[in-house]
Amino acid sequence: MKIAILGGTGEQGFGLALRFAKNMNHEVIIGSRKEEKAEDAAEKVKSVLKGRGIDANVSGLGNSGAAKEGDVVILSLPYQYSSIVKELKELLAAKIVVSMGVSLATVIGDKPTRSLPPPQGSVAEMIREKLKDSRVVSAFQNVSSEALENLDNPVDCDLLVCGDDEEAKSVVMTLADEIPGIRTIDCGELEMSRIVEQITPLLIKLNIKHKIKLGAGIRITGI
Ligand SMILES: NC(=O)c1ccc[n+]([C@@H]2O[C@H](COP(=O)([O-])OP(=O)(O)OC[C@H]3O[C@@H](n4cnc5c(N)ncnc54)[C@H](OP(=O)(O)O)[C@@H]3O)[C@@H](O)[C@H]2O)c1
């Protein structure tokens with residue numbers, strides 16, 4: 001599968017690129033506002049995996065090139081900049097678009113342990129409003145970049161996945177379940193992302209309070 005990660009030059013994108021490119025059946029395309037920066041990030045991913053004997057298929061492109069190439073397109077941008085996806089609306093039509101953004105209050109200079117949801121109720125719903133023709137799925141908000149980047153350990157976290165397109169949700173769940181340690185849980189409609197996104201500030205608080213280096217995660221019992 002071709003997995004494009006827009007803004008994949010950041011920490012979370014790097015971690016996801018590493019985890020997905022480990023599976024040589026996937027092609028990972030890192031997107032950036034600057035193609036050169038994306039190419040550098042792709043080289044970094046390839047070099048880490050080469051050190052583990054994996055010849056990964058990773059490349060870097062501008063965000064629009066990456067959006068065009070990907071079967072699944074992950075938005076790895078701070079949520080307040082997700083407005084750029086509107087410019088990519090045509091390219092993203094009919095594609096599976098993963099919303100991973102969390103609306104932390106840092107956008108107004110407040111604490112990362114507080115959230116400031118957009119008027120649509122959640123970042124995922126905001127993205128769906130902008131990309132009416134795409135198949136928006138919400139996932140990966142509660143997984144830390146540190147845990148993703150640490151290839152020596154499984155990611156100790158359940159992944160809460162929300163979406164109104166059952167088939168798209170199932171594709172994203174199958175992809176995420178490939179990451180060692182992750183267990184995906186279907187949480188129902190996209191609007192459930194309102195609650196999932198609110199868990200992240202709590203996890204940030206736990207990281208600070210308990211000095212958790214690889215990032216706190218969550219596990220749901222009883223399923
Ligand atoms: N970090 C985590 O542990 C974590 C955990 C859960 C969820 N998330 C979510 O994952 C997403 C990415 O997180 P991150 O920590 O990787 O973010 P980040 O490093 O702050 O930013 C990711 C990328 O966004 C692009 N970007 C920055 N400013 C931009 C702007 N004004 N317009 C367009 N693009 C811009 C940059 O790429 P270019 O300069 O290359 O264009 C940057 O490398 C966010 O939505 C975050 O809420 C992160």
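Summary table below
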{"item": "³J(HN,Hα), Karplus 6.51/-1.76/1.60, whole Hz, each residue of the range 174-180, x for Gly, Pro", "result": "4, 4, 5, 5, 6, 6, x"}
{"item": "Share of alpha-carbon pairs per 5 Å distance bin for the range 35-106, given as whole %", "result": "3, 15, 20, 20, 19, 13, 7, 3, 0"}
{"item": "Cα-based reach from K213 at 21 Å (exclusive), listing lysines while leaving out same-chain residues under 8 positions away", "result": "K111, K205"}
{"item": "Estimated vicinal HN-Hα couplings, Hz - the range 109-126 in sequence order (Karplus 6.51, -1.76, 1.60; Gly, Pro = x)", "result": "x, 8, 6, x, 8, 10, 10, 9, x, x, x, 6, x, 7, 4, 4, 5, 5"}
{"item": "1.4 Å probe accessible area per residue over the chain, in Å²", "result": "47 Å²"}
{"item": "Most to least accessible of R219, R135 (protein chains only, probe 1.4 Å)", "result": "R219, R135"}
{"item": "Under-5 Å amide H pairs with S134, H placed in peptide plane, nonlocal only", "result": "A94"}
{"item": "With every protein chain in place, the chain: carbon and sulfur % of accessible area (1.4 Å)", "result": "50 percent"}
{"item": "Antiparallel content of DSSP bridges confined to the range 2-209, in %, to 5", "result": "10 percent"}
{"item": "The chain: most fluctuating residue of A41, A94, A67 per GNM, C-alpha cutoff 10 Å", "result": "A94"}
{"item": "Peptides ranked, highest mean first, by Cβ atoms within 10 Å: ranges 196-204, 112-120", "result": "196-204, 112-120"}
{"item": "Pairwise centroid distance, computed over Cα atoms, of the range 155-223 with the range 1-76, Å", "result": "21 Å"}
{"item": "FRET efficiency estimate (nearest 0.05) - Cβ-Cβ, E11 to E167, R0 35 angstrom", "result": "0.70"}
{"item": "Magnitude of the charge dipole, the range 1-133, Cβ model with Lys/Arg +1 and Asp/Glu -1, debye to 20", "result": "260 debye"}
{"item": "G215 long-range amide H proximity, modeled H, under 5 Å", "result": "none"}
{"item": "Cα-centred dipole magnitude for the chain, charges only on beta-carbon of K, R (+1) and D, E (-1), debye, nearest 20", "result": "660 debye"}
{"item": "Highest-MSF residue in the chain out of D165, D110, D71 [GNM, Cα springs under 10 Å]", "result": "D110"}
{"item": "Residue among M126, I185, L148 farthest towards the positive dipole end of the chain, charges placed on Cβ", "result": "L148"}
{"item": "Largest to smallest principal axis extent of the C-alpha atoms in the range 100-223, angstrom", "result": "41, 36, 27"}
{"item": "Amide proton proximity set for L104, modelled H, under 5 Å, gap of 5+", "result": "L116"}
{"item": "For the chain, calculated [θ]222 nm from helices alone, where every DSSP H run of n ≥ 4 adds -39500 (n - 2.57)", "result": "-11000 deg cm²/dmol"}
{"item": "Area accessible to solvent at E36, 1.4 Å probe radius, in Å²", "result": "140 Å²"}
{"item": "Calculated from backbone phi, Karplus (6.51, -1.76, 1.60) coupling profile of the range 134-148 in Hz, x at Gly/Pro", "result": "9, 9, 7, 10, 9, 6, 6, 5, 9, 9, 8, 5, 4, 5, 5"}
{"item": "Reduced Cα scattering model of the range 2-209, Debye log10 I(q)/I(0), q = 0.11, 0.12, 0.19 Å⁻¹", "result": "-0.46, -0.55, -1.47"}
{"item": "The chain, relative contact order in percent, only Cα pairs under 8 angstrom and at least six apart counted", "result": "17 percent"}
{"item": "Listed residues R183, R33 arranged by accessible area, highest first, probe 1.4 Å", "result": "R33, R183"}
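The values are calculated or read from the model by the stated rules, or taken from the named source; none is laboratory data. Because the structure is predicted, anything quoted here is derived from the model rather than measured. Cβ sites come from the backbone with ideal geometry, for glycine too, and all protein chains shown count toward neighbours. Calculation scope for accessible area: heavy atoms of the full protein, side chains included, ligands and nucleic acids excluded. Shrake-Rupley method; radii C 1.70, N 1.55, O 1.52, S 1.80 Å.
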